[in-house]
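Below you'll find the structure, written out as structure tokens, and then a few comments.
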Amino acid sequence: MLDGFSQGGEGAGALLPSVLRRRGLDVQVKGPGELPEDLLELEKYDLVVLHNVSAGDVSERAQGMLAGYVTELGGGLVMIGGPQAFGAGGWKGSPVESILPVRLD
């Protein structure tokens, strides 16, 4: 999970990983700029969650790798809104927008 809310695993973004861990899932929380830029690294994960993450916090290369992770490897992606996400987050026209089930008009 890339968390754009919390600092150090605390705060508003800490609830979701806490709930998932209680359900027995292995959850790794990283900062928005820590998305791997390599498909082999992304392949280690079943799911990537972008939790209030701005496109400006994710390199263009990592955005392309994330799109490939979903379309080529069948990886899962969940994008959760917030003040830094979706249209306000600069994702419009990005490689990630092309794989979302919504358009960011």
Quiz item: Which pairs have Cβ atoms under 9 Å, sit 6 or more apart or on different chains, and link a residue in region 11-30 that is farther than 10 Å from residue 51 by Cα and open to solvent by 70 Å² or more (accessible area, probe 1.4 Å) to one that is at pLDDT below 90 and in a loop (DSSP other than H, G, I, E, B)?
Solution: 12/5; 12/6; 12/52; 12/82; 28/1
Quiz item: Residues of region 59-89 being of a type in the set (A, V, I, L, M, F, W, C) and open to solvent by 10 Å² or more (accessible area, probe 1.4 Å), which ones?
Solution: 65, 67, 70, 73, 77, 78, 79, 80, 86, 88
Quiz prompt | Yes/no for residue 49 being closer than 14 Å to residue 96 by Cβ and either without any contact (Cβ under 8 Å) to a residue 40 or more places away in the chain or loosely packed, with under 13 Cβ neighbours inside 10 Å (or both) | solution = no
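The values are calculated or read from the model by the stated rules, or taken from the named source; none is laboratory data. This is a predicted model, so every value here is computed, not measured. FYI the Cβ positions are ideal-geometry reconstructions off the backbone, even for glycines, and counts take in every protein chain you see. Just the protein is used for accessible areas: all its heavy atoms, side chains included, with ligands, DNA and RNA removed. Shrake-Rupley method; radii C 1.70, N 1.55, O 1.52, S 1.80 Å.
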